[in-house]
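Q: I have a structure I would like to understand better, so I am pasting it below and will then ask my questions one at a time.
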Amino acid sequence: MNDSTLTSGKIKLDWDAFKAEFGDIEIIDKPARVKKSSRDFFWYSPILERQLEDAYGDIVARPASQEQLGECLRIAYAWDMPCVIRGGGTGNYGQAVPLDGGLIIDMTRLDRIVEIGDDHIRVEAGAVIADVNRALHRHGRELPVFPSTQNIATVGGFIGGGSGGIGSFRHGPLAAPGIVPRLKVMSLEESPQLHVFDDADINIVHHAWGMNGVIYEATLQTVPRCDWINVIASFADYPTAFAAGMSIGGDRSLGAKLLSVLDARFAVYFTALGERIPCDRALMNSMVPRERLDRFRDLVESSGGSLDLALDEAETAAAEIPHVFEFSYNHTTLQALKADKSVTYLQVGAPLPLDVENIKTLHELLHDEVLMHHEFSVRDDGLAAWDIPVIRYTTEARLYEIIDIFRQHGCAIADPHQNNVEGGGMKNANFKHLAWKKRLDPKDLLNSGKSLLWPRVKDLPAEQIENLTRADLEPGAIA
Ligand SMILES: Cc1cc2nc3c(=O)[nH]c(=O)nc-3n(C[C@H](O)[C@H](O)[C@H](O)COP(=O)(O)OP(=O)(O)OC[C@H]3O[C@@H](n4cnc5c(N)ncnc54)[C@H](O)[C@@H]3O)c2cc1C
């Protein structure tokens, strides 16, 4: 016995004996590399940066087959080892940061494309999303929805930690029916088992932050590849850009894949675009089918705007500028943070039906501290919009006052400054997630500490957890 601690400093163990269990499976124990594999983009939040700065795992395992993945999970079970599943590490609420030390399973060697069908693709969960899209392009297809981080993010990480992205304007969120028809998920048990989730049941695992099983394989819907023109338009001010977004967004025949509007003050952060965009006008980003470009231009101009940039995929690459979607979703925050480390962000659902007057009021009220940026998307066949504003951060107290002001104006908040799944998901309690955590992770080893509710329900049988309701959350309702 040679008990000692490793990088996390949290687990005393005969680590040599533990490592010996892995046999042929690649493992990493060099502290610098383990530390790197314990990070994601939580540093977007000054609050999470403080909370998570010293949270690390101890050993990284890199399984390269279904059997090796099963073996890693068997070892974790046998040694009662906390275990975090990691894809590309682009999550932005510290989802993949180990709170209790232990094993990190890096999924990126499990990256095989298993099958490309007429309307679907089946892939191992560690496949990088851009590689999946590239493989589909060769078949004249593409993914309906993908995150702006597609060059690094994995399929399993997107399903485990993401919510939507490029394509949600046209096809809805990742959870919309049909986008992910099937998942194969491995349990963390004495003998890990594969479970199949179909159709709506994929939501049992979707956005569960890797707490209730390990996605091994995903079947994803595909759609015909489109000849996209990447466009940026500009408008005199933010309310005018938002109103244009509402009218352009209402025209479903346009077939656009992306529709974002941004406060004029973002332009100074978009240095990679140089003088291609004006520096003093609110912006609109979109991806429009080539045959609908004239219609898009007409809509922009009739809404008081001008089309400033229109490049197809080849022209975008030749111009050596980032793709237009790298100025959308949470890439917008990244562009701002590259220039100014003092800013942070929020995720704010605009009240429905969308109302430009509400946006105008908030824009004026919070003008000095908040740079608005809305992503339009389709939800239940209607138009929705999520604001991912950049915030000029002063104190935590002021950040939460700003959140309160948004709430007072009917907005929903998915708080990216909380390292728990309920906070990040608008205080939702997902009892199905938790019931399946009980079934697939009976020793509570997967991504421990990331659910506020789990400690309150973990001793109940899975069937009882599944039947809990929001009312059961009232203080004292659950023992
Ligand atoms: C600049 C930037 C832009 C972003 N844009 C978007 C966007 O457009 N849309 C969006 O939804 N998100 C976005 N995000 C968040 C993030 O990029 C996505 O959620 C991404 O898809 C995560 O993939 P990943 O492989 O990096 O996952 P990771 O960060 O590695 O993991 C995310 C979560 O999923 C779990 N997980 C990973 N793999 C598995 C698996 N195989 N089985 C079970 N659980 C697993 C992890 O434990 C973790 O809890 C953005 C983040 C940044 C920093």
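Q: Could you say which residue among ARG134, ARG109 is over 26 Å from ILE27 (Cα atoms) and of a type in the set (Lys, Arg)?
A: The match here is ARG134.
Q: Please specify each residue of the stretch 432-450 satisfying the condition of being of a type in the set (S, T, N, Q) and at pLDDT 95 or above.
A: Of everything in the stretch 432-450, just one residue is of a type in the set (S, T, N, Q) and at pLDDT 95 or above, namely ASN447.
Q: Taking the stretch 235-276 only, how many residues are among the β-branched types (Val, Ile, Thr) and modelled with pLDDT of 95 or more? Explain how you work it out, then say what you get.
A: First, the residues of the stretch 235-276 that are among the β-branched types (Val, Ile, Thr): 240, 248, 261, 268, 271.
Narrowing further to those that are modelled with pLDDT of 95 or more: 240, 248, 261.
Residues flagged as among the β-branched types (Val, Ile, Thr) and modelled with pLDDT of 95 or more within the stretch 235-276 amount to 3.
Q: Right, another one. Since PRO181 meets every condition but one in (1) crowded, with 19+ Cβ neighbours inside 10 Å; (2) touching a His at 6+ places or on another chain (Cβ under 8 Å), which condition does it not meet?
A: Here PRO181 meets the rest and fails (1).
Q: Just name the residue that is surrounded by the most Cβ atoms within 10 Å (Cβ to Cβ) out of those in the stretch 236-251 that are part of a helix (DSSP H, G or I) and free of Cβ contacts under 8 Å to residues at least 60 places away in the same chain. Quick ask: steps written out before the conclusion?
A: Here is the first cut: in the stretch 236-251, the ones part of a helix (DSSP H, G or I) are 238-249.
Now drop any that are not free of Cβ contacts under 8 Å to residues at least 60 places away in the same chain, which leaves 247-248.
On the way: SER247: 14, ILE248: 25.
Ranking the candidates gives ILE248 first.
Q: Out of the residues in the stretch 444-472 meeting the condition of being within 16 Å of the ligand (Cβ to nearest atom) and farther than 14 Å from GLU422 by Cβ, tell me which one is surrounded by the most Cβ atoms within 10 Å (Cβ to Cβ).
A: LEU446
Q: Output yes when any residue across the stretch 109-117 is of a type in the set (Lys, Arg) and away from the ligand (no atom under 15 Å from the Cβ), and no when none is.
A: No, the stretch 109-117 contains no residue that is of a type in the set (Lys, Arg) and away from the ligand (no atom under 15 Å from the Cβ).
Q: Considering every residue within the stretch 210-222, establish whether at least one is under 18 Å from HIS120 (Cβ atoms), touching an Asp or Glu at 6+ places or on another chain (Cβ under 7 Å), modelled with pLDDT of 95 or more and away from the ligand (no atom under 14 Å from the Cβ).
A: Yes, there is a match, as at least one residue in the stretch 210-222 is under 18 Å from HIS120 (Cβ atoms), touching an Asp or Glu at 6+ places or on another chain (Cβ under 7 Å), modelled with pLDDT of 95 or more and away from the ligand (no atom under 14 Å from the Cβ).
Q: Could you grab me the full set of residues in the stretch 138-173 that are more than 6 Å from the ligand (Cβ to nearest atom), touching a helix residue (DSSP H, G or I) at 6+ places or on another chain (Cβ under 7 Å), part of a loop (DSSP other than H, G, I, E, B) and under 23 Å from THR108 (Cβ atoms)?
A: Residues satisfying the conditions are LEU143, VAL145, GLN150, ASN151.
Q: Among the residues of the stretch 124-133, are any in a loop (DSSP other than H, G, I, E, B), within 23 Å of ILE204 (Cα to Cα) and more than 12 Å from the ligand (Cβ to nearest atom)?
A: Restricting attention to the stretch 124-133, the residues satisfying the condition of being in a loop (DSSP other than H, G, I, E, B) are 125-127.
Now narrow it down to the ones that are within 23 Å of ILE204 (Cα to Cα): 125-127.
With more than 12 Å from the ligand (Cβ to nearest atom) added as a condition, the list becomes none.
The answer is no, given that none of the residues of the stretch 124-133 is in a loop (DSSP other than H, G, I, E, B), within 23 Å of ILE204 (Cα to Cα) and more than 12 Å from the ligand (Cβ to nearest atom).
Q: Here's a follow-up. Would you point out which residue out of GLY102, GLY87 is in contact with a helix residue (DSSP H, G or I) (Cβ under 9 Å, 6 or more places away or on another chain), of a type in the set (Gly, Ala, Ser) and more than 7 Å from the ligand (Cβ to nearest atom)?
A: GLY102
The values are calculated or read from the model by the stated rules, or taken from the named source; none is laboratory data. Note that this is a predicted model, so its numbers are computed, not measured. Please note: Cβ atoms are built from the backbone with ideal geometry, for glycine as well, and neighbour counts cover all protein chains shown.
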